[in-house]
1. Give a residue-ordered list of calculated ³J(HN,Hα) values for region 66-82 (Karplus: 6.51 cos²θ - 1.76 cosθ + 1.60, θ = phi - 60°; whole Hz; x for Gly, Pro).
2. Could you pull the accessible area for S89 with a 1.4 Å probe, rounded to 10 Å²?
3. Which far-off residues, 5 or more places away or on another chain, put their amide H under 5 Å from the one on F15, with H placed in the peptide plane?
4. What does the accessible area of I106 come to, in Å² to the nearest 10, when a probe of 1.4 Å is used?
5. With +1 on each Lys and Arg Cβ and -1 on each Asp and Glu Cβ, how big is the dipole of the chain about its Cα centre, in debye rounded to the nearest 20?
6. Which ³J(HN,Hα) values, rounded to whole Hz and listed in residue order, are derived for region 85-95 from phi using the Karplus coefficients 6.51, -1.76 and 1.60 in 6.51 cos²θ - 1.76 cosθ + 1.60 with θ = phi - 60°, glycine and proline given as x?
7. Net charge near E25, counting Lys/Arg +1 and Asp/Glu -1 over other residues with Cβ under 9 Å of its Cβ?
8. Could you list which residues have their amide H under 5 Å from that of L42, counting only those 5 or more apart in sequence or on another chain, with H placed in the peptide plane?
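The values are calculated or read from the model by the stated rules, or taken from the named source; none is laboratory data. Note that the coordinates shown come from a computational prediction; the quantities given were computed from them, not determined experimentally. Glycine also receives a Cβ, built like all others from the backbone with ideal geometry; neighbour counts cover every protein chain displayed. All accessible areas refer to the heavy atoms of the entire protein, side chains included, with ligands and DNA or RNA removed. Shrake-Rupley method; radii C 1.70, N 1.55, O 1.52, S 1.80 Å.
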Amino acid sequence: MKIHYFYRREYNKGFYNLEIVAWLEEKETSRLGHERLGFTRLERLRIFLSKDNEFYHNHQIEHEFAENSCMGHYAHTRKELFEAMKKHSLFPIDSRNYERFRKVAIALYHRQPLVDFSKFKGKQTYSIHQIIGD
């Protein structure tokens, strides 16, 4: 068994934007009895965080992980997997850097302030204009 690690990091001036994915490679047998490779997603972590919380406060995290995942990939060769990842702008990375990126991403997320609902009490100071609908 081998694990393939991929990452996508988009450089934005005011945001952290990172996605990392880990795929487990296993040998499987097709219904016709052919030996081939199968790939199961072990983890996918995507974060999008604003760097300046005073001006623009927007945070998103998606984290899916499972040791016994049922999320597979259609690829049956390493070449197919790498080509599919490249189409989504995901590039190979080693396990050490993958785990480092994951640790930093989760730490960044934990440092983000939650929405302070007390700021929104009282009378609304802005108007909303509906263009389509009733």
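1. Residue by residue, region 66-82 yields 6, 6, 10, 5, 10, 8, x, 10, 6, 5, 10, 9, 4, 4, 4, 4, 5 Hz.
2. Near enough 50 Å² of accessible area.
3. When sequence neighbours closer than 5 places are left aside, the close amide H contacts are K51.
4. Accessible area, nearest 10 Å²: 50 Å².
5. The dipole of the chain has a size of about 300 debye.
6. For region 85-95, the Karplus curve yields 5, 4, 4, 9, 6, 9, 10, x, 8, 7, 5 Hz.
7. +2
8. Amide H neighbours of L42, under 5 Å, 5+ apart: A22, W23, L24.
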